[in-house]
Amino acid sequence: MRVLFTTWSSGGHLAPMVPLARAFLAAGHQVRIAVPSGCAAAVAHAGLVPVPVGPLPKASGAAGAVPRRIGNWPADWPVRPAGLGAEERGMLRALGEKQVRIAEAMAQGLVAFARCWQPGLVVHDASTYAGTVAAAVLGVPAVGQMWGSAAVLRLDRQDLHGPPLPGYARLMRRYGVDPAYEPDLWLDPCPPGLALPSSARRMAVRFVPDGQGGQGGQGGQDGQDGQDGASEEGKAAYRVCVAWDDPGGPPKPVRAALRHAETRGAEVVLWPGPAAPPYRLPAGCRAVLHQGGGTAVVAAAAAGVPQLVVAPRPEQQLNGARLALVGAGRLVPVDASPARLFAELSALLEQPSYAAAARELRAEVLSMAGPDEAVTRLVSPAQASCAP
């Protein structure tokens, strides 16, 4: 069977798709990854075949229309968006409209390739709406690949649960398909204990960091917790890994807190590092500090490492709040002082309950289906839909 993957972004959006794409290849299927031209090199670097489908529109980066500083949103806002104020709902709509513009830029090239190549299944990043368009045009199943968020965020819909955004509906009609066409399934790497309830049909699929096999593999670091081996490093009392999506790196308060941690014996390591497999934590890591992106959350969960989330965006705040709820991490406001950040990091390292909860979360990750099992469950319905 031919399987067409597509995503609008590399990094945290591409990473969860790579193990599944490799599992399809290992099972004898043909795979292509359709991406904007700027992402083609990342796909090729992962050992997969990219299909460039045009450039992205300007101002389509991760920051989008979201203000740099936002207040704290209700902990269950994806489930009950009616409780949000006009400003918050406007922010969600702006994010959705940005993704619609990206879908418009990708759709022509993606649909043209899909019509030519004739895949039997389209697996698209959950925010790459052009994938749903292509699947609808061909009349084949669409499967949404989530990246670790605690909720199925339907930014393509008005107020998350309403009708499609007008721009998205127009895009679907432009290609002669019903705007109500929906993904048949969502592949969710978020551990069930962190995930909010949803009416969407989800399949929990274990996140496998790059550099590890997906065939029944054990998440974490070569089958070990990320904290193992700390005493073997011999360079520092403990290791803290830092992941930060912004090109400029962590803000000044975060850098100041990390410098203070170094004076207390910490080794601060940028993650993912330039020579390390993406999203695979280095050995000896006892804590991870990041912005709350879904892929970082599930990668650290797979390693069994406590997490300190400094979240500038509402969906990142949500992930941090869910980690705090299960005791495997702490959520800190993005404008926290260096003293508070250091105190929060110290608590994460010194209180054994966080490491114990992180290990429990890792055990939950290991109980999830692997990419190979997901392929088996996806192939039969897709092949049936393609039967004459």
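List of remarks:
- Selection status of L349, open to solvent by less than 10 Å² (accessible area, probe 1.4 Å), more than 20 Å from G12 (Cα to Cα), touching a residue at least 24 places away in the same chain (Cβ under 8 Å) and over 23 Å from the mean Cα position of the chain (by Cα): no
- Against the criterion of being more than 24 Å from A151 (Cβ to Cβ), of a type in the set (D, E, K, R) and not in a helix (DSSP H, G or I), R286 qualifies.
- Residue match in the stretch 126-147 (condition: touching a Lys or Arg at 6+ places or on another chain (Cβ under 6 Å) and outside any helix (DSSP H, G or I)): no
- Restricting the stretch 248-257 to residues that are crowded, with 20+ Cβ neighbours inside 10 Å and under 26 Å from the mean Cα position of the chain (by Cα), the residue that is nearest to L348 (Cα to Cα): V254
- Of the set (1) of a type in the set (D, E, K, R); (2) at pLDDT below 95; (3) open to solvent by less than 10 Å² (accessible area, probe 1.4 Å), all apply to E87 but (3).
- Residue count, the stretch 184-243 (criterion: open to solvent by 10 Å² or more (accessible area, probe 1.4 Å), at pLDDT 50 or above and within 30 Å of H260 (Cα to Cα)): 8
- Residue in the stretch 320-340 that is in contact (Cβ under 8 Å) with a residue 60 or more places away in the chain and part of a strand (DSSP E or B) present: yes
- Residues located in the stretch 155-183, provided they are closer than 25 Å to V297 by Cα, open to solvent by less than 20 Å² (accessible area, probe 1.4 Å) and hydrophobic (A, V, I, L, M, F, W, C): L160
- Only one entry of V305, V298 meets the criterion of being outside any helix (DSSP H, G or I) and either open to solvent by less than 40 Å² (accessible area, probe 1.4 Å) or touching a helix residue (DSSP H, G or I) at 6+ places or on another chain (Cβ under 9 Å) (or both), and that entry is V305.
- Which listed residue, of A105, A114, is in the same structural domain as A200 (by the TED database) and surrounded by fewer than 21 Cβ atoms within 10 Å (Cβ to Cβ): A105
- When the strands (runs of 3 or more DSSP E) confined to the stretch 1-54 are screened for residues that are at pLDDT below 95 and open to solvent by less than 30 Å² (accessible area, probe 1.4 Å), none reaches at least 2 such residues.
- The number of residues in the stretch 301-318 being farther than 20 Å from A356 by Cβ and of a type outside the set (K, R) comes to 8.
- In the condition set (1) in contact with a helix residue (DSSP H, G or I) (Cβ under 7 Å, 6 or more places away or on another chain); (2) part of a helix (DSSP H, G or I), V268 is compliant with all but (2).
- D178 meets the stated requirement of being part of a loop (DSSP other than H, G, I, E, B) and on the phi < 0 side of the Ramachandran plot.
- Any pair with Cβ under 6 angstrom, 6 or more apart, that starts in the stretch 103-123 at a residue that is farther than 16 Å from S37 by Cβ and small (G, A, S) and ends at one that is open to solvent by 30 Å² or more (accessible area, probe 1.4 Å) and not in a helix (DSSP H, G or I): G120/M1; G120/R2
- Qualifying residue in the stretch 321-336 (condition: more than 23 Å from the chain's Cα centre (by Cα) and surrounded by fewer than 22 Cβ atoms within 10 Å (Cβ to Cβ)): yes
- Of the listed requirements (1) in contact (Cβ under 8 Å) with a residue 12 or more places away in the chain; (2) in a helix (DSSP H, G or I); (3) out of contact with any strand residue (DSSP E or B) (no Cβ under 6 Å at 6 or more places or on another chain); (4) farther than 16 Å from S149 by Cα, N72 misses just one: (2).
- V18 fulfils the conditions (1) touching a strand residue (DSSP E or B) at 6+ places or on another chain (Cβ under 6 Å); (2) in contact (Cβ under 8 Å) with a residue 12 or more places away in the chain except for a single criterion, (1).
The values are calculated or read from the model by the stated rules, or taken from the named source; none is laboratory data. In this text the structure is predicted, and so the values were computed from the model without any measurement. As a convention, Cβ positions derive from the backbone with ideal geometry for all residues, glycine included, and neighbour counts pool all protein chains shown. Ligands, DNA and RNA are stripped out before the accessible areas are found, and what is left, the full protein with its side chains, is counted by its heavy atoms. Shrake-Rupley method; radii C 1.70, N 1.55, O 1.52, S 1.80 Å.
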